[in-house]
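Step one of this worksheet: look at the structure below.
The values are calculated or read from the model by the stated rules, or taken from the named source; none is laboratory data. Since the model is a prediction, treat every value here as computed from it, not as a measurement. With ideal geometry, Cβ positions are generated from the backbone for all residues, glycine too; neighbour counts draw on all protein chains shown. Only protein heavy atoms, including side chains, enter the accessible area calculation; ligands, DNA and RNA are left aside. Shrake-Rupley method; radii C 1.70, N 1.55, O 1.52, S 1.80 Å.
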Amino acid sequence: MNRRGIINRKPVVIPFSSRLREGRALAQDVWSIFNAANLPPDCLNLGQGYMNFAPPKWITAAAEDALNTVGPNHYSHPKGRPRLRNAIKQFYGPQLNRDLDVESEILVTSGANEGQYSVFTAFLEHGDEVIMFEPFFDQYLPSVTFNGGKPVYIPLHPPSHDIPKPTSNDWTIDFEELRAAITPRTKMIIVNTPHNPVGKVFTRAELEKIAALAEEFNLLVMSDEVYDCLVFDNKEHVRIATLPGMWERTVTVGSAGKSFAATGWRVGWLIGPASIITPTLAASTRIIFCTNSPLQEAAAAGLEQAPLRRFFETQLKEYQERRDVFVNAFDRLGVTYTLPEGTYFVLMDSSSVKFPDDYPFPKSVLGRGRDFRACWFIAMEIGVSSIPVSEFYCEEHVSIGENYIRFSFCKDLDTLRAAGERLQNLKKYLV
Ligand code: GLN
C-alpha cells in the first residue's frame, strides 16, 4: 500500500501460448492491414478476395426459407445437414466417378479453412512435415504449425523474364526439387488447384507426378479446390482424387463461398475416403461441433439447382469477361502480369513501380516485403487496393514474393473498368 492508501499492483500479464510465436500468427495478417476500413473510402477494393455483389436471389431465398423454419435455426449434425451432404454427393459424385457415401465420405465444415485445420488436427504428429507449393494461401502456415506440423516449401518457379506475356501455366514445378524435399517425416502434401494467388490450374501431367510421389512415400494429399468453378479458356480442372490409386489418400476441399458469391457464409466441405473423413470429423466435432445451419440449407439449394439453371456455366463466362476486361488495363499500361487460367486473382509484377522511400507509410507495412509498400502506395495514390504477394511466402523467400501484387477481379464490370482506368495513372511511376 502506498501513502495514499492505493495498492501498487503489477500490470497483469497472462503469458499467451508459445504456439502463437510460430506460423507468423503474431504478425498482423495481410487481410487486416489492407482491410477497406484502413483505406480511403473511395479506394476501389481489389484486395481481399470477396465479391461486391450478392449471391443469386434463388440462393438467398433458400437462406430466408431456412431462417423461417424451426429446424435449421438449431444445431446440425456435426457431419453436416443431410440435405447438404446429399447435394454434395449428387454434385461431386459424378466428377469424382464415385457413388459417395453421405455418412462417411462427406464432411461439411465452417468454411474450407476450418475443414483443412481439422485435417491437420486429425493427422499431424508433432514434427510431421507438410509440403506446400510456394506461394501458398497464407492460412496453411499457422494451421500447420498450430497443430505441431512443420511446413516445407516447394517453389512454383515464376515465369522467366523473356516470356513477354506469361500465363499462370508458366509458373512451374521442379519435380526433382519436390522429390528431394520429401523426408521420412513428410506426412502430407497440399495441392491447391486452381491456385491462389497464382491462378495456376495444375495440369494432369503435373498432378500425375505429384500422385506418383504421394504413392511412393505414402503421403496424404490435401487438395484445396475451392476455385474449381473458375477454370478459364477451356482448360481442364483435374481432381487429383480421380487419378489411379489416389482416392484412398486424398481429401478434396470445396467451398460455398467461392461457388455462390457468399464468402462470409463460412460453409465448406471435405470429400474423401472414410479413413480420412472419420478422424477429421472427430477433430471438427470437438473444434466447432457443427457448422451454421441455415446457410447449409442455402448452399444445398445452390448445388441442387445449379445444373438445371446452368449456373456455373453462366458464372464462369461472367468471370472470364471480368478477367479479360481487367487485364486489358495492364496491357495498356505496359506492365508484366500473369494471365490466370483459374481463380479470380491476377498477379502484377510491381518491381517496375517506383515510389518515394519517404512516403508516409503506416507502421503496419514497414519492415515487410517491398510489395506491402507498393500496395499501400498504389491504394493511396491511384485509388485501387491489392494484396502483397510476399504474405504468401515464408520469411526466407520474401525476396521472391515481393515482386508481385495480387488483384481480385471478383467485382462487377463497372468497378473493374474504373479500376483499370485509375491504374493508367501508374504510368508516371513506372521505371
Ligand atoms: N481467400 C481469400 C483471398 O485470398 C481470403 C481469405 C481470408 O481472408 N483469410 O483473398
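Brief remarks follow.
- You will find that of Ser18, Ser76, the residue that is at pLDDT below 95 and away from the ligand (no atom under 16 Å from the Cβ) is Ser18 and no other.
- Qualifying residue in the stretch 411-428 (condition: without any contact (Cβ under 8 Å) to a residue 40 or more places away in the chain, among the charged types (D, E, K, R) and over 22 Å from Tyr140 (Cα atoms)): yes
- Some residue of the stretch 132-143 being at pLDDT 95 or above and of a type in the set (S, T, N, Q): yes
- Taken as a whole, the structure leaves Gly257 outside the set of residues that are within 16 Å of the ligand (Cβ to nearest atom), open to solvent by 10 Å² or more (accessible area, probe 1.4 Å), modelled with pLDDT of 95 or more and farther than 19 Å from Leu156 by Cα.
- Members of the stretch 256-283 that are under 14 Å from Arg81 (Cβ atoms), part of a helix (DSSP H, G or I) and small (Gly, Ala, Ser): Ala256
- Qualifying residue in the stretch 56-70 (condition: under 24 Å from Tyr319 (Cα atoms) and part of a loop (DSSP other than H, G, I, E, B)): yes
- Lone qualifier among Arg81, Arg98, Arg9 - being more than 16 Å from the ligand (Cβ to nearest atom), free of Cβ contacts under 8 Å to residues at least 40 places away in the same chain and not hydroxyl-bearing (Ser, Thr, Tyr): Arg9
- For Val231, the requirement of being in contact with a helix residue (DSSP H, G or I) (Cβ under 9 Å, 6 or more places away or on another chain), away from the ligand (no atom under 16 Å from the Cβ) and within 30 Å of Leu46 (Cβ to Cβ) is met.
- Looking only at the stretch 389-408, and only at residues there that are among the hydrophobic types (A, V, I, L, M, F, W, C) and outside any helix (DSSP H, G or I), the one that is nearest to the ligand (Cβ to nearest atom): Phe407
- Within the stretch 343-364, if we keep just the residues that are closer than 15 Å to Pro166 by Cβ and open to solvent by less than 10 Å² (accessible area, probe 1.4 Å), the residue that is farthest from the ligand (Cβ to nearest atom) turns out to be Ser350.
- Taken over the stretch 130-169, the criterion of being of a type in the set (D, E, K, R), open to solvent by 50 Å² or more (accessible area, probe 1.4 Å) and not in a loop (DSSP other than H, G, I, E, B) is satisfied by Lys150 alone.
- You will find that of Ala300, Ala241, the residue that is more than 27 Å from Ile182 (Cβ to Cβ), of a type in the set (A, V, I, L, M, F, W, C) and not in a loop (DSSP other than H, G, I, E, B) is Ala300 and no other.
Results for (1) in a helix (DSSP H, G or I); (2) surrounded by fewer than 17 Cβ atoms within 10 Å (Cβ to Cβ), shown as yes or no for each residue.
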{"position": "Arg373", "(1), (2)": "yes, no"}
{"position": "Trp376", "(1), (2)": "yes, no"}
{"position": "Ala379", "(1), (2)": "yes, no"}
{"position": "Cys410", "(1), (2)": "no, no"}
{"position": "Lys428", "(1), (2)": "yes, yes"}
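- Tally of residues being part of a helix (DSSP H, G or I), of a type outside the set (S, T, N, Q) and in contact (Cβ under 8 Å) with a residue 12 or more places away in the chain across the stretch 327-358: 5
- Cβ-Cβ distances below 6 Å connect the following pairs, each with a first residue in the stretch 23-37 that is free of Cβ contacts under 8 Å to residues at least 12 places away in the same chain and away from the ligand (no atom under 12 Å from the Cβ), a second residue that is of a type outside the set (S, T, N, Q) and outside any loop (DSSP other than H, G, I, E, B), and a separation of six or more residues or different chains: Leu26/Leu20.
- Members of the stretch 44-64 found to be away from the ligand (no atom under 16 Å from the Cβ) and open to solvent by less than 30 Å² (accessible area, probe 1.4 Å), listed by number: Pro55, Pro56, Ile59, Ala62, Ala63
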